[in-house]
Amino acid sequence: MKYYAYYPGCSSEATAAGLGHSAMAITKTLDMELIELEDWNCCGSTPYGSLDGVESLAVVVRNLALGEKTGLDLVTPCNSCFVTLSNAQLRLKAHRELMNQVNEALAIANLEYHGNVKIRLLTEVLINDITPQTIASKVKHPLNGLKIAPYYGCQEARPSFGFDDPEFPQALDDLVTSLGADAVPYPLKNHCCGGALSISEEDLALELMHRLLSNAMKSGAQCIATACPLCQTNLDAYQSRVNSKFRTSYHIPILFITQLMGVAFGLSKDELGLKTNIVPTERVLARYI
């Protein structure tokens, strides 16, 4: 059994509940345990840092301090949380005075951070600790014949602290094929979905989503697999808006890679949070569940 401290992040308990449900569900099959941090708080994502540098760092580092106390690697399923947590650690290690300021704030909560926790993305743990070979050995219902476009988005393979090639990432492709499915060639696999621009610059975000959906269709994909909660929400929730704006008729399910893993492991729809997906998944998954 492999043990990890677990930082779920806000999205996996709200807009991306399917990620949270499926991430926890597959651990039993994979002989790993994600031990949720007690009393964790929102990481603030990237916008908070532009408002108050030290305050936003203290909010992020509180989670790192909680993780450090466990003595375990700190794992998150969320790409944005991973970037925020990792960036905070890099800044503190580079600026000792900043570390002192943050620890002064943390002292009020009887916490202190020394910069020693190892921050990891769940996808990376699945690739490097569990391995695609082990995952393949756990498959009960191979996803044979299912054509999947692996979509990484901007943050999974960031060059600063990502674990994959930023230009030609392969981790999701390897996980897809370990399930018996076909990872179709997807040239836009690491292009931006628009992120939070769907709120402030909707037309621009819809254009980016349109490109991604169109490219997936042209590649012959029946669904898109991602690990990023914001990417999944954008492509899933805004797909009807894309159809309205561009007079298209996309009905492409946007699934978390952990949901697809759970399907291949023989887990139920409820366990994997498939009912939280907006574009129906039954059409492409019926033969495997």
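A few points about this structure:
- From GLU202, GLU207, GLU167, GLU156, residue being among the acidic types (Asp, Glu) and under 17 Å from SER80 (Cα atoms): GLU156
- Boolean, GLU104 is acidic (Asp, Glu), assigned to a helix (DSSP H, G or I) and more than 25 Å from the chain's Cα centre (by Cα): yes
- Reported count of residues in the range 245-277, each being closer than 30 Å to GLY44 by Cα, touching a residue at least 12 places away in the same chain (Cβ under 8 Å) and not in a loop (DSSP other than H, G, I, E, B), is 11.
- Being aliphatic (A, V, I, L, M) and at pLDDT below 95 is a condition met by at least one residue of the range 149-159.
- Among the residues making up the range 197-241, a single one is over 14 Å from ILE254 (Cα atoms), modelled with pLDDT of 95 or more and hydroxyl-bearing (Ser, Thr, Tyr): SER219.
- VAL242 meets the conditions (1) under 18 Å from VAL176 (Cα atoms); (2) in a helix (DSSP H, G or I) in every case but one. The failed one is (1).
- The residues of the range 12-28 that are modelled with pLDDT under 95 and closer than 19 Å to LYS2 by Cβ amount to a single one, LYS28.
- The range 135-161, residues that are closer than 25 Å to LEU90 by Cβ and touching a residue at least 24 places away in the same chain (Cβ under 8 Å): TYR152, GLY153, CYS154, GLN155, GLU156, ALA157, ARG158, SER160, PHE161
- Strands (runs of 3 or more DSSP E) contained entirely in the range 1-96, each with at least 3 residues that are out of contact with any Leu (no Cβ under 8 Å at 6 or more places or on another chain): 32-36
- Filtered residues of the range 196-221 (kept if surrounded by fewer than 21 Cβ atoms within 10 Å (Cβ to Cβ) and in contact with a Leu (Cβ under 6 Å, 6 or more places away or on another chain)): LEU197, LEU204, ASN215
- Count of the range 226-239 residues, restricted to those that are part of a helix (DSSP H, G or I) and under 10 Å from the mean Cα position of the chain (by Cα), is 4.
- Verdict on ILE252 being assigned by TED's automatic domain parsing to the domain that holds GLY145, within 13 Å of LEU175 (Cα to Cα) and not aromatic (Phe, Trp, Tyr): no
- Any chance ILE127 is outside any helix (DSSP H, G or I), under 30 Å from HIS251 (Cα atoms) and not hydroxyl-bearing (Ser, Thr, Tyr): no
- Considering residues of the range 128-159 that are in contact with a helix residue (DSSP H, G or I) (Cβ under 6 Å, 6 or more places away or on another chain) and β-branched (Val, Ile, Thr) only, the residue nearest to ALA264 (Cα to Cα): VAL139
- Residue check, GLU112 more than 21 Å from the chain's Cα centre (by Cα), acidic (Asp, Glu) and part of a loop (DSSP other than H, G, I, E, B): yes
The values are calculated or read from the model by the stated rules, or taken from the named source; none is laboratory data. Everything numeric here is computed off the predicted structure, so don't read it as measured data. Neighbour counts are summed over all protein chains in view; Cβ atoms, including those assigned to glycine, are modelled from backbone coordinates with ideal geometry.
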